[in-house]
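First up is the structure itself, then whatever we jot down about it.
The values are calculated or read from the model by the stated rules, or taken from the named source; none is laboratory data. This one's a predicted model, so the numbers in the text were calculated from it and none came from an experiment. Glycine also receives a Cβ, built like all others from the backbone with ideal geometry; neighbour counts cover every protein chain displayed.
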Amino acid sequence: MNQVRQYMRHKQLPLPMQRRLLDYYEYRFRETYFRENTIFPTISERLRKDMNTYICMNLIKCVPILKDLPPLVRANIVPCLRPEVFLPNDIIIKAGTMGDCMYFIYSGTVAVYTPTGKEVCHLQDGGYFGEMSLIAKDSKRIANVVAIETTEVYRLERKHFNGYLKTLPELYKKLERVAESRRENTLVMEEIHRKHILEKTMRMIDDR
């Protein structure tokens, strides 16, 4: 943490940004600091898989879509998951950008918004989002996803999704149904919100 503070002073970061950076480190490491990238390469591949499975056990328990995977598939998927931490108001997904991964929520809460800012829903522990970009190739994100509180997620990239989950037709179809339902709901809410904004703008012009 002394190195982080020295770095922030050297870069002359503004105080609010310094506070966010310190909050991130405190949450990410819980005041126990270590070099995971140094530790893991020295461990055998089999032991790494076993450790990752154990570390992600709580995630697997709270995410039904992972819990229901066949053991062999789950054993291959888990090492591919990458943890990320987002602070309040961090934008996790931005509408209109190309996506190449989906996210599983380990802890925390995110809000989903249409491109014009209409809130669609909240997702919490055990939820997931971003699956549309994996199912529909070259598909742009249709919503913004923002962390409401400090949120820990696990990211699954397209190459791993295609390598394992696409071999399970029933699960793939389930994800397709969820993705299409969410897409339709978001588009409908976006259209209604756009009309509301337009009507409000026209009333303001008329009042002038």
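Observations, loosely collected:
- Looking only at residues of the stretch 174-208 that are loosely packed, with under 13 Cβ neighbours inside 10 Å and either closer than 19 Å to Phe104 by Cβ or among the aromatic types (Phe, Trp, Tyr) (or both), we find that the one that is modelled with the lowest pLDDT is Arg177.
- Positions within the stretch 120-145 being charged (D, E, K, R) and farther than 23 Å from Tyr164 by Cα, in sequence order: Asp125
- Filtering the stretch 131-159 to residues that are within 10 Å of the chain's Cα centre (by Cα) and closer than 11 Å to Ile92 by Cβ leaves Val145, Val146, Ala147, Thr151, Val153, Arg155.
- Within the stretch 104-127, the residues that satisfy the criterion of being in a strand (DSSP E or B) and either at pLDDT 95 or above or not hydroxyl-bearing (Ser, Thr, Tyr) (or both) are Phe104, Ile105, Val110, Ala111, Val112, Tyr113, Glu119, Val120, Cys121, His122, Leu123.
- In the stretch 136-148 there is at least one residue that is surrounded by fewer than 21 Cβ atoms within 10 Å (Cβ to Cβ), at pLDDT 95 or above and not in a strand (DSSP E or B).
- Any hit, the stretch 10-23, residues being assigned to a helix (DSSP H, G or I), in contact with a Ser or Thr (Cβ under 8 Å, 6 or more places away or on another chain), surrounded by fewer than 15 Cβ atoms within 10 Å (Cβ to Cβ) and in contact (Cβ under 8 Å) with a residue 12 or more places away in the chain: yes
- Test result for Met132, of a type in the set (A, V, I, L, M), modelled with pLDDT under 95 and surrounded by 16 or more Cβ atoms within 10 Å (Cβ to Cβ): yes
- Filter result (under 18 Å from Val112 (Cα atoms) and in contact with a helix residue (DSSP H, G or I) (Cβ under 6 Å, 6 or more places away or on another chain)) within the stretch 135-153: Ser139, Ile142, Ala143, Thr150
- Taken over the stretch 89-103, the criterion of being part of a loop (DSSP other than H, G, I, E, B) and of a type in the set (A, V, I, L, M, F, W, C) is satisfied by Ala95 alone.
- In the stretch 29-54, residue surrounded by the most Cβ atoms within 10 Å (Cβ to Cβ) [restricted to those that are hydrophobic (A, V, I, L, M, F, W, C) and at pLDDT 75 or above]: Met51
- Some residue of the stretch 128-135 being more than 30 Å from Arg48 (Cβ to Cβ) and assigned to a helix (DSSP H, G or I): yes
- Pairs where the first residue, in the stretch 169-198, is within 14 Å of Glu119 (Cβ to Cβ) and hydroxyl-bearing (Ser, Thr, Tyr) and the second is at pLDDT 95 or above and outside any helix (DSSP H, G or I), C-beta under 6 Å, 6+ apart: Thr186/Thr114; Thr186/Val120; Thr186/Ala143
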